[in-house]
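Before any comments, here is the structure.
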Amino acid sequence: MALGGEIASIGFLSTENPGIDFFQLKASGATIRNITVGDRAALLDLNRAVAATGLKPVIDRVFAFDQAREAFAHLEGGAHFGKVVIRCVH
């Protein structure tokens with residue numbers, strides 16, 4: 001855990017103790033951002049709306065997987081408009 005880092009917490013999947021030392025996190029000076037997501041019904045509603053409207057994301061540029069460093073540099077440059085994509089080939 002880096003001093004002054006940022007941690008994005010996206011919910012919990014169980015009520016069991018995840019083994020995270022929150023006192024250590026607090027002492028690190030990290031920013032902890034809790035992200036909430038909707039339920040399955042909301043996701044299905046969203047998918048239907050996207051399909052019905054033909055909504056497409058704005059893609060600034062697509063990079064091959066082996067160009068990931070360049071993709072992150074492009075993103076950090078801040079001149080992009082829309083999504084920066086790293087394409088994985090499987």
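The values are calculated or read from the model by the stated rules, or taken from the named source; none is laboratory data. Just so it is clear, the structure is predicted and the values come from calculations on it, not from any experiment. Reconstructed Cβ throughout: ideal geometry from the backbone, glycine too, with neighbour counts over all protein chains shown.
Summary table
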read-out	value
So Leu44, is it within 27 Å of Gly11 (Cα to Cα) and at pLDDT below 95	no
The one condition in (1) within 23 Å of Glu6 (Cβ to Cβ); (2) assigned by TED's automatic domain parsing to the domain that holds Glu6; (3) of a type outside the set (Asp, Glu) that Lys83 fails to fulfil	(2)
Matching residues in segment 68-90 - criterion: being more than 21 Å from Lys56 (Cβ to Cβ), among the hydrophobic types (A, V, I, L, M, F, W, C) and without any contact (Cβ under 8 Å) to a residue 24 or more places away in the chain	Ala68, Phe72, Ala73, Ala79
Members of segment 31-68 found to be surrounded by 12 or more Cβ atoms within 10 Å (Cβ to Cβ), within 26 Å of Ile7 (Cβ to Cβ) and either of a type in the set (Val, Ile, Thr) or in contact with a Phe, Trp or Tyr (Cβ under 8 Å, 6 or more places away or on another chain) (or both), listed by number	Ile32
Where a residue in segment 4-15 is assigned to a strand (DSSP E or B) and its partner, wherever it lies, is modelled with pLDDT of 80 or more and of a type in the set (A, V, I, L, M), with Cβ under 9 Å and at least six apart	Glu6/Ala30; Glu6/Ile32; Ile7/Ala30; Ile7/Ile32; Ala8/Ile32; Ala8/Ile35; Ser9/Ile32; Ser9/Ile35
